[in-house]
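Before any comments, here is the structure.
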Amino acid sequence: METTLIILKPDAVQRGLMGRIISRFEDKGLQIVGCKLMQISQDLAAQHYKDHASKPFYAGLVRFMTSSPVLVMAIRGNGAIAICRGMMGATFGSKAAGGTIRGDFGVSNSFNLIHGSDGPEAATRELSLFFKSGEVLDFQRAGEAWIYDMSGGKPE
Ligand code: IDP
Ligand code: MG
């Protein structure tokens with residue numbers, strides 16, 4: 001099972017889209033194992049987006065991400081990282097396909113509603129930036145046996 005970091009960005013929170021976006025992940029069968037509303041500090045934004053520090057959009061991105069509260073989630077599932085990236089859609093709202101979160105809920109290229117880790121290394125790094133130990137929980141869901149076929153001993 002993989003765990004990925006998802007951030008519902010300030011535009012998603014301000015536009016009242018949290019519930020509808022969370023529902024998509026729950027409907028898919030992914031498990032929310034960590035969740036909190038928080039205001040991202042300058043320092044945390046800089047650490048989170050350090051790979052983008054030299055990009056022309058970096059200053060605006062940090063301003064946006066620190067401007068208003070965000071909802072951060074740890075989301076778990078078999079292949080959760082790639083599944084969440086697919087559900088998010090392309091980076092730019094103007095280009096994201098219908099059926100994706102960015103495609104269905106926004107048109108802006110910089111206010112694009114959601115962040116998701118782009119690989120296992122990023123997921124580990126980003127989860128540790130946003131969640132302290134003990135804030136990401138291990139628990140069994142009542143309906144787990146109907147989410148995955150476990151007859152082969154691993155989730156299919
Ligand atoms: P991703 O969020 O789809 O992984 P990245 O390329 O990692 O996309 O960029 C991080 C974030 O920076 C994007 O989600 C978006 O908010 C912002 N961003 C990326 N490229 C641009 C741009 O060309 N103009 C404005 N904002 C951008
Ligand atoms: Mg990225």
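Just so you know, all these numbers are worked out from the coordinates, no wet-lab data involved. Note that the structure is a prediction, hence the values are computed from the model and not measured. All Cβ positions, even for glycine, are placed from backbone atoms using ideal geometry, and neighbour counts span all protein chains on display.
List of remarks:
- Pair-distance profile P(r), taking every C-alpha pair of the stretch 1-46, with 5 angstrom steps and integer %: 4, 16, 27, 25, 16, 9, 2
- Multiplying each eigenvalue of the alpha-carbon gyration tensor of the chain by 5 and taking the square root yields semi-axes of 26, 18, 14 Å, largest first, rounded to whole angstroms.
- Interchain or long-range residues, amide H under 5 Å from Gly79's placed H: Glu2
- Placing unit charges on the Cβ atoms of the charged side chains and taking the dipole of the stretch 110-156 about its Cα centre, the candidate lying farthest along the positive direction among Gly134, Tyr148, Ser110 is Gly134.
- Folded to 0 to 90 degrees: helix 18-28 orientation relative to the chain principal axis, Cα: 30
- Counting every other Cβ atom within 10 Å of each residue's Cβ, Glu144, Glu2 order from fewest to most as Glu144, Glu2.
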